[in-house]
Structures are given as C-alpha cells and as structure tokens.
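The values are calculated or read from the model by the stated rules, or taken from the named source; none is laboratory data. All values derive from a computational prediction rather than experimental measurement. All Cβ positions, glycine included, derive from the backbone under ideal geometry; neighbour counts span all protein chains shown.
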Amino acid sequence: MRRRFKIAHNVATHFPSLSRDLDMNLNARMFTEDVSLAVMPIGGKTDRHKEFTVTLDGSPDACARASALLGEFSKFDRRDRTRLVCDAVGEIAKHLAWEGCAVYEIVPDQSNIVHVHSFTSQRLVKFSKWYFQFIPRGDWELWGKKLVIIPASSIWHIEMPTVLGGHKDYMTTLKKLRRYENLGPPFWRQNLARGEQAKDFDFQRYVSSSEMYYRQVTRTWGWNRRDGTQERTTEFYYFYKKVHFRWARAVLREHIITEINILFLRLGIDCKLIVIGLPTPDEVEKVRAELLSGNISFSKAADRVSI
Amino acid sequence: MRVIHGTRVTSFGVRYSAKEGKSNFHSLREFINRTQWSLFVAIGFALLLQYLDPSLYIYYQKVNFKIPDDGDYVTLLATISGIGGVFIGLYYAGITGVGSAIYASVPNNVRDLLTQDRSGNVYMRFLSFLTFLGLALIALRISGQPRIFLAIPFMTIAAGVGIISFVNDFGRRTFYLFDPTSLSNHIFEQLQHWVGMIKADGYQWLDKPFQKHAYRQASTNLDTLETLAEITSKGLHLNGKPFIELSKNLLRFLRYYEYAKRSIPTDSAWYEPRYQHHDWYRADDTRVSIAHQTGTTLQPVVTNDKEWIEDRITPIVIRCIEINLTEARYAEVIGLFGYIDAYLKRLTLEGGVTKAFALIEVLTSAVLGKIAIEADGDTAKPEVLEKLAIVEWLALIPVTMALGYREALEKLDRNDIENRMSSVRWNKESSIYSLGFNAYTLEQLEGLKPRLLFEKMVENNVVTPLWYQVELLCKVEAAQLEENTSALVLKGADFYRASIAKALSQNHPWLAAAAMSREWEYWHKVEDQLELWQSKWANLSDDRRIVGLSWSEFDIEALRKNSSQRQEELLKLMSKQSTLLALNSRPDGFPDFAGQFLHTSGEVVFEALLNNNVELLKSVFASYFLGCLMQFDSHRSKIKSVVDWQLQQEFKIAAAVLLDVMCVSGYARLLADYHGNESLWSDVSSVWDGYFASKVEQSPMPLFCAAVTLTEGAFEIAHRSILRTSWEQEINHKLRDVPRHEVSYRGSFSSDTVIDHDSALVRIFAQDLHGSFNDGIDIFIVTYLSKLEGGKEMDFGWQMKGLQESIERESQKMPVGDSNGADQ
C-alpha cells in the first residue's frame, strides 16, 4: 500500500557528501547488483516453480496490517499480495547488498498506523538502547543538525545473515572488490595510452590473478563475476558457482523473510509471512551434491535452482 | 723537404709497426687465453703427481720399484712427448687430406662438422695433454724437484693408449671421414640433446627463451642435415649406402621424437610459431575493452606447427629412396623400409594413423613412380624380384599399422585413464607429461590444468570432480579413435586402391598382385579388430554424464560396410587378376599369386552362394571357372613321371582344382533351391554350358569322370578335400535353419523329422543334422553332368547313384503343406 501523506522522520536518510567518496568500481557494483537480483521472482511471477505461493497467515485484520507494513518496504504500489511481498523482499535485499545491512525508522502516524522509513546506515552507531547518527560536516546544512539520537525501539535493523559472513565480512568483501581495477593498474594504462609497453608487466597474468582474486573474495557467495566464457574455469565449475550463488541468495531470502516475521511480532502484528515453492537452501544443497556426483545435468541443475 | 718527407716516412713506419705489434700482441694474448686452461690442467696434474709421489715411496719399496737415473727419466718423458707430437701431426695431416678432397667445396655448416667430431676432438685433447705433461714433468725435474716415480707408469700407459687408439681407431677413422654422413652422429646427438631439454623436467623446459633457443639450435642442425643430404644425394658414391644410413638415422630419430612429443608442452616455443587472430565478438570482455580503449587491434594468439621436424626430415628420406630406386639399389631400399615400418608403427602407437597414411601415400607415389614405370606394349614385362619385394614391403606397412593400432587400442581403458587422472598433481608442472598420456590428449590436459589450479586457488581445493575430468579426456580419446578407425578403413582402402590402380595402369600385374595379396591380409587384420573398436568406443563413451558435450560420431556399421565393400571390390580384382597371371609364366622366386587369388576366388564364390549374393557370384564365377581350368592345364602339363602310381598321384593333385569348381557348382544348385533364387544356379550353369558348347569336338566329360573316380574311389584323404569339407560343414550349418517338424506314426513310438522345404535336394541335405554322405561334387554330377550328352554313360561311382535314388524318392513325396497328414 502506497503512502498518501508525508511522514515526519527524525533521521537523515542519506549523506550526499559521502556518496562522492564512493567510487564506481565495476566489480563492486556488479556484485551488489547480482546479490540482490532475483532473490524473489521478479514481479511475483515464475514459470519454473508452479507451486510458488505467498501467504499471510493470521486474522484478516492482522493480515491487512502486515500487508500495509510490507507496502512500506515496497517501491511500487502493489495490489497483488505476491507481487507486494516479492517487491518488499527485493527492496530489503537491495539495501543489504549495498550496505551489508538495512536500517528502517519505525514511525507511527496519528492513527497509530506504523510506517517504516529506510535510511542510510552510514555513521550510525548503536550504543545501549540508542542509535546515534553522526551527520557529516558537508551535510549539516542539508539536514540542519549534527547528530540524531533515536531509541533502538524505533529502528528496525537487519544485517546480512551470519552464514554469509554477516555485515562486517560483507563490507570487507565490498572493500576488497574495490581494491583493484580489472583493466590493469593505472601506471600500465597510462603507459599504454602513451604507446609504451611495460616490459616486466604481464597483463594476461594480471587479469588471471585479478579474476582469481575476485572469486576468492566472494567465495562465500559463489559469485562468478558474470563470466560465462569459461576461459579460466571448467564448465562444471561455472555451474557449480552458479548453483552456489543461488544457494547464497536462497539463504538471504529466507533470512529476510524470517526477519520480517520477527518484525511483525515486534510490532504486535499476529501474522506470519509464508513463502513456499521456491528452492530452499537445503534443496539447493541437494542439487549441488547431485551435480558433484554427476547425477544431474548442468542445465537441469541450473533450472532447478533458478527462480 | 726530403728530410721532412723522410721523417714522415719513418714516423709512419714506426706507427704502423707499433700498430701491427699491438694487433699481434692482442692475438698472442687471445691465443694464450684460449690455451691457459689446458696449460693449467697439465701443470696442475704434474704438481699433483709431484705432491703425491713422496707418500707412495713406501709402496714402491714393497714392490721393489726402482727409480731410473736422471738421464733415463728425462729421456723417457721426452720420447713420450715426441710420440704425442708425431701423432698430433699425423692426425691433422690425415684430416687435412680428407678436408681438401671432400670438404673443400662444401658449405660451412657441413665443414664445421669436421671440427665438431667428438671422438677426434677428445683424442687430440688427450694427445696434447700427454705431450705437454711430459714437458712439464721434465721442467719440474730440471728446476730441481725430485723425480716422480708415479709419472713413469702413468705416462707409459697413457702413451700406450694414444698409440693403440691411433692404430685401431683414429688412423682408420680418417678414411671414414671421406663419407660426410659419418659425421652426422654429432648432429643427431645435438638434436636429441635439444629435444631432451624441452621435454618435461628438462633443464628450464618451461622457459620460453630456452625453448626458443632449443628450437633455433635444432633448426640449425636440420639445416646442416639438409645440406648434408643434398651433398650426399649428388655424390655418385655417396648416394648409396651412406645416404641410406643417414636416412636410417633420421628415421630412428623420428621414432624417438614421436614418443618424446608426449612430454613436450603443446604451447612450447620449440614448435614453430603460427599466428591465429581472434573474432571480435567471441573474444572475452577484457581483451575487447583494452583493444577498444587503446585503439589497438586484438592481439593474435600464437599457435604452433607441431610437425615442423617431420616436415623437414621426411622429404630427405623420400629423396633417398627415389635416388636409390633410380640407381636400382633395391636391397638398400628394402633395408630402409624396415626403419620406415618401425617409425610408422610408432606413429600409429601414438595415435597418428591419419598422419602415417599421409606419409605412406607420398612414399608410395615416389616408389611406384620409380619402379612401376609404364611398360612398353600391352604385354606385361617380367619383374625384378626385388621390385616385387619393395611393393610387398610397402603394401605391408598398413598391416603393421593396423597391428600397431590394435596394440595401442588394447591398452586404452577408461579405468586406466581414471587412475592416471587421479594421480595427476595439478600444481606440479611436469605431472601431466609424466603419466604416459598420448600427445594428442595434452591439449585437453593443459586446458584443464590452469582451470583446476584456478579452482584450487579460489576454493582451496579442486571442485571439478574426477568423473568430469575423465569424461573430457575420454572424449578426446574417442575422437581420436573415430579418426584413426576411419583412417584405417577409408584411407587404407584409398591407399591400396591407388597403388593397385597405378601398377595396373602401368602394366605391372605382378606388382599389382603383390599389393592385392597384402591388401587381403590387411583387411583380415582390420576385420579382426572391428569388435575391439566397438567395445573400446563403448568403454570410453558409455558413461556420459555431461549433457550436451559434443562427442564424435562413431558409426561402426558404416565402417564395416566400407570395409566389406572394399573387400568385395578387391576380390573381384583378385579373381580377374588370377586369370591374367595364369596366362603369364611365373618367374622363379615369385610367390604364386595366381594360385592364391584362385583359391580366394573359390572361397568368395562359396561365400556369395551362402549369402545369396548374385552380383558378386556373377562377377567372380566366370573368372574362377576359367582360372581353375587353366590351373589344371598348367599342372597337367608339368606331369612328367613315368611310374604309374606317381603319375596317378600327380594327376590327382592337378585334378583337385577341377573337383573344387565342381563342388562349388554343386552347392550352387543346392543353395539356389535353399534361397529360392534360381539365378544362383543359372549363373553357374550358363558358364558350364558355354564351356561344354565350346568343346563339342572333344568332350571333356571323360576328364571330369577320371578326376572324380580316381580321387573319390581311392581310400585316402584327397588333395584339398579338407578345404572342401569346410564348405560342407558350412552348408550343414546353413541348412539347420530350414524349418522342420516331427512326425509320429500311428501305433508306433518312433517319430521322423520332416523338412519343410519345397526342394527335394534341400530336404535330403537338411535331413541329417550331422551332414550328408554326399557333397557338392555329387550334386553337380547328378543334377548337371549326368544329364549332359555323354554324361549318362559315365560311371561316376556308387555315391552318385545313391544320391540320384534319394532325389527321385524324395521328389515323389507329397508337398510340404500336406506332410503333416502322416500322423493322422
């Protein structure tokens, strides 16, 4: 359900001054996009899993409240509940992919209807039962304040699942991905532009090493860097990674759904979000085992784990 | 003016002399630099002897070894040094003689071989060391050092070695140097050295500059070999045995090299480079991005020519064969064929059947171009026996290849591949080259290696399972199997077809016959392994788990069909050729190809009858019939004995061929009934009809009657009867298929087998599962000969009468459909 009136927020939603520091590293960008891509079926539709259903288990009133809350996460105004849930989970996943965690300010309106409002997790520190948001100097003027203090009860905080490394490991991964340029180091590119050839620099080796590096860094996730050429991997390993990446996203999906159900409880909504028919992490694991033993074809394995 | 000029002249002279002196001094210094090591070694050795000698005094006393006085000591050493100097002079005098006679007009690289001769160099160094050591020992004594006891036995033995070696080896060796090919050993040593260096685990074998260096050096060696071959081929006294020996060494090296290729990385700079350009839309993103951003083109991939050594060596061998065939040195060429055979077998063992066929095609073209020159007129000339032997050798090579391939294939096994793959240590560079994988699988293994290492680096272990790795390798092996088996059938057929056609077109029937005879053997070897091919294909490809992996198509039925077609084609040729050869008298020492082909034709006629193959029968029988009659006439004309029993015996041997054709004709009657195909009989009988029609004036009937009665009437195993018995057994086996049923008679416990066939003849022969008393000859006499004019009066024996009665009795029985009524 789409908001029809503006809600007053306490927190600063974003820091334009800090966003200038973020370089647009290709690898980090591709990774974050891929992590949040198709965690749930896009548009709530899947041809592969006919049994896919989304249900809200609870009283009609609780279900209505849950739907309204899910609508707060959703980017679009969804009338269809399945599409609404897919959109909401997808949006939360997107926040997690970019920052390793997602934070929302819980704001009740005059009619005591709860609204959630996404804001940046940058410069946010939790201390005891309070969150402290330190606004950077460059944005003092924009937000008209230097520090925001909000009680923890007004914040919904969700992090990357521990099995995937949690918030800290995820941020380290993003940082490591930003470390190298895949088109060669700056000095080499400058030399090349000047028409000079660095004698002691083997570009192919650099490419190979950096490819290896990107995959090492994202090993927990099984990301294959959108590389379908199989120039450096076997076809088997390519599909193995594909299945592994699916597993990671299944873990992420289940984690988000569990956290949403915890949020429902926290907000006193006696309702449970149930998503069935999509490949669970255990099922993906099974497919991976079959793949390793050669009992399933690559395309079939990819088909079974895809959404 | 004059004084000034004189001063200038003097100054110029002084300056010039100083310059000359400086240059000479540099040359001297260079000379001393070059010799200093040898000097130090000799002086060092003399000092060592001087140092060691006092500690050995005690032993000298024990063996009562007395030291000579000063005069004798110095005289002995001086004499030995003098002898050394003489031998050095003699050796170089010999070399100079050879050099001026043979090597004066040769290119530098060949002349260099003379200076690189290892044995000569070692001998000269030894002599120079000995000569100078003697002088050094004298110098030590003169400078006041004590005499060295140890020097006496040492110098004496060393001088002995120098003298005896000169007489036994080096003096004589100088004469061998008149043949430049005798120096080629050094080149082969060098080639083996370079190959050894770039093989896995060789020194710096993975280092590109080292690989490139080895390639350049080997290429230079090959240049020298080519020059050497060129010189040798032009020398009348060199292009015989010396050139053959050089070619043998080349083939020996190739055999070694083919095996060594298993251990050479496929991207080694040892192989000559070739450039292959990427497609823009198939290249990976990084390459395209870099090329686009820098405004350059995609860098080409450097591939290589893995056959560069072979491509340079084989033309030398072919040229050697051509020259020696032109000079009619057949025995030498035959000697070389053994090496070619061995090389091609190695090639086949390494999976290079196609490559081997390509080589023998070139070889055959060269050989037949020299020995199968068009004969004058229509009549075939008698051949030289050696030419026949050469063609036989040549035609035998594919047989060796087929056997070699079988040997290689028998070792090929999926489990073995799996075991070896599991032993590969991917992080050890030489591992894939040391586990006996064939050279053609290396590319796949090298492709897997960085990928699996990539996984290991990323995941800390290899993720791609063993079954996947094995399947990829099995796919390569299967593709090679498909290529090799196709080559054995298709290229084999093409090779023999072309060789036989060439020999026939140039009117050389004996050479064509030699090739046909070997081809027949070849197809037997190929047919024998068809089942093996299929089972190995299944072994490699049955457990396919990678869906969509593109495997080669292996069609064993198509191969079988192609093989059968060619065999049929060959049999027709052989049948035709047997008649042609029978018309020519066989030279002494020549194999009896006519007899072999006639015998084979008989077998083919019988096979055609068994398989109801009218077309084959029609194309072979007339020639076979004619061949048999000619063979009989030929044998009969050789009967010379005057003793009655010997005469009879010789006639029986000659008549065996008539009995063969009668027997097979009788079976034609029987099998025509069995197959319900009257053409089988009409094609045979029409040939007989034509024959009898041409012999109206003098009927051959008594001859046939004599052949039968003399042979069948005697209580002995007739000549070739065992072969005819095998036909009889096959007929019995065939007739077991005829439907039959049991009939029991009313009031009796016994029963009878009734054969359900319309033909009385078939019923008679199929009645007894263990066979009939009668054979094809009986059938032919009863159903054909006895019905001809003059045949009725002939007495062919009691067996014929018995068969005649059986046929009459059986013919009177009720038709097949009504026979069931017997038990009513």
Under 7 Å between Cβ atoms, which residue pairs at least 6 apart in sequence (or on different chains) link something in segment B:622-637 that is over 10 Å from B:V661 (Cα atoms) with a partner that is assigned to a helix (DSSP H, G or I) and basic (K, R)?
B:S623/B:K576
Considering each residue of segment B:220-232, count those that are farther than 20 Å from B:I323 by Cβ, touching a residue at least 60 places away in the same chain (Cβ under 8 Å) and not acidic (D, E), and give that number.
1
Is it the case, given these coordinates, that B:F178 is among the hydrophobic types (A, V, I, L, M, F, W, C), more than 39 Å from the chain's Cα centre (by Cα), over 19 Å from B:L127 (Cβ atoms) and assigned to a loop (DSSP other than H, G, I, E, B)?
no
How do the pairs read when you match residues in segment A:286-304 that are closer than 15 Å to A:H244 by Cβ and facing chain B (nearest Cβ under 10 Å) with residues anywhere that are hydrophobic (A, V, I, L, M, F, W, C) and surrounded by fewer than 17 Cβ atoms within 10 Å (Cβ to Cβ), using Cβ under 7 Å and keeping only pairs 6 or more apart or on different chains?
A:F298/B:V547
Of everything in segment B:118-161, what is in contact with a Phe, Trp or Tyr (Cβ under 6 Å, 6 or more places away or on another chain) and under 21 Å from B:V98 (Cβ atoms)? Give them in sequence order.
B:Y123, B:L127
Pairs, please: C-beta under 9 Å, at least 6 apart or cross-chain, first residue over 15 Å from A:H49 (Cβ atoms) and in segment A:267-280, second part of a loop (DSSP other than H, G, I, E, B) and among the hydroxyl-bearing types (S, T, Y)?
A:D270/A:S59; A:C271/A:S59
When segment A:192-203 is checked residue by residue, the ones that are basic (K, R) and either more than 11 Å from chain B (Cβ to nearest Cβ) or surrounded by 13 or more Cβ atoms within 10 Å (Cβ to Cβ) (or both) are A:K199
State all residues of segment A:117-171 that are among the acidic types (D, E) and under 28 Å from A:F31 (Cα atoms); if no residue qualifies, say none.
A:E159, A:D169
Filter segment B:328-378 down to the residues that are within 19 Å of B:N484 (Cβ to Cβ), small (G, A, S) and part of a helix (DSSP H, G or I) and list them by number.
B:A342, B:A356, B:A358
Of all helices (runs of 4 or more DSSP H) fully inside segment B:485-580, the set with 3 or more residues that are within 28 Å of B:L617 (Cβ to Cβ) and touching a residue at least 24 places away in the same chain (Cβ under 8 Å) is B:492-505, B:509-528
Do we find that A:T53 is exposed (fewer than 14 other Cβ atoms within 10 Å of the Cβ) and more than 25 Å from A:V107 (Cβ to Cβ) in this structure?
yes
Taking segment B:515-554 and keeping only residues that are surrounded by 13 or more Cβ atoms within 10 Å (Cβ to Cβ) and either charged (D, E, K, R) or within 14 Å of chain A (Cβ to nearest Cβ) (or both), one is left with B:R518, B:E519, B:E521, B:K525, B:E527, B:K536, B:D543, B:R544, B:R545, B:I546, B:L549
If you check A:L69, A:L96, which single one turns out to be aliphatic (A, V, I, L, M), surrounded by 20 or more Cβ atoms within 10 Å (Cβ to Cβ) and over 16 Å from A:A38 (Cβ atoms)?
A:L69
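Every residue, every condition in (1) polar (S, T, N, Q); (2) out of contact with any Asp or Glu (no Cβ under 9 Å at 6 or more places or on another chain); (3) within 24 Å of B:K355 (Cα to Cα), yes or no:
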position	(1), (2), (3)
B:A487	no, yes, yes
B:W510	no, no, no
B:L540	no, no, yes
B:L549	no, no, no
B:S575	yes, yes, no
How do the helices (runs of 4 or more DSSP H) wholly within segment B:658-771 filter down when requiring 3 or more residues that are over 19 Å from B:K618 (Cβ atoms) and at pLDDT below 75: which remain?
B:701-713
Take the conditions part of a helix (DSSP H, G or I) and within 21 Å of B:M155 (Cα to Cα) and apply them to B:A46. Does it pass?
yes
Report whether or not B:L435 is modelled with pLDDT under 95, buried (at least 18 other Cβ atoms within 10 Å of the Cβ), more than 12 Å from every other protein chain (Cβ to nearest Cβ) and touching a Lys or Arg at 6+ places or on another chain (Cβ under 8 Å).
no
Test: residue in segment A:186-202 that is touching a Pro at 6+ places or on another chain (Cβ under 9 Å) and not in a strand (DSSP E or B):
yes
Considering residues of segment B:607-621 that are in a helix (DSSP H, G or I) and free of Cβ contacts under 8 Å to residues at least 12 places away in the same chain only, the residue nearest to B:S665 (Cα to Cα):
B:E607
Where in segment A:113-159 are the strands (runs of 3 or more DSSP E), entirely inside, with at least 1 residues that are in contact with a His (Cβ under 8 Å, 6 or more places away or on another chain) and of a type in the set (S, T, N, Q)?
A:114-119
For segment B:773-811, give me each residue that is among the hydrophobic types (A, V, I, L, M, F, W, C) and assigned to a loop (DSSP other than H, G, I, E, B).
B:F773, B:L788, B:M794, B:F796
I'm trying to understand the selection: among the residues of segment A:204-248, which are without any contact (Cβ under 8 Å) to a residue 40 or more places away in the chain, in contact with a Pro (Cβ under 9 Å, 6 or more places away or on another chain) and more than 9 Å from chain B (Cβ to nearest Cβ)?
A:Y206
Just one of (1) under 27 Å from A:E290 (Cβ atoms); (2) among the charged types (D, E, K, R); (3) touching a residue at least 12 places away in the same chain (Cβ under 8 Å); (4) within 14 Å of another protein chain (Cβ to nearest Cβ) trips up B:E477, so point out which.
(4)
Quick check on this structure: which one of B:V302, B:V288 is surrounded by fewer than 19 Cβ atoms within 10 Å (Cβ to Cβ), aliphatic (A, V, I, L, M) and in a strand (DSSP E or B)?
B:V302
Name every residue in segment A:170-191 that is within 14 Å of chain B (Cβ to nearest Cβ) and exposed (fewer than 13 other Cβ atoms within 10 Å of the Cβ), in order of residue number.
A:P186, A:Q190
Among (1) assigned to a loop (DSSP other than H, G, I, E, B); (2) on the phi < 0 side of the Ramachandran plot; (3) of a type in the set (D, E, K, R), where does B:D201 come up short?
(2)
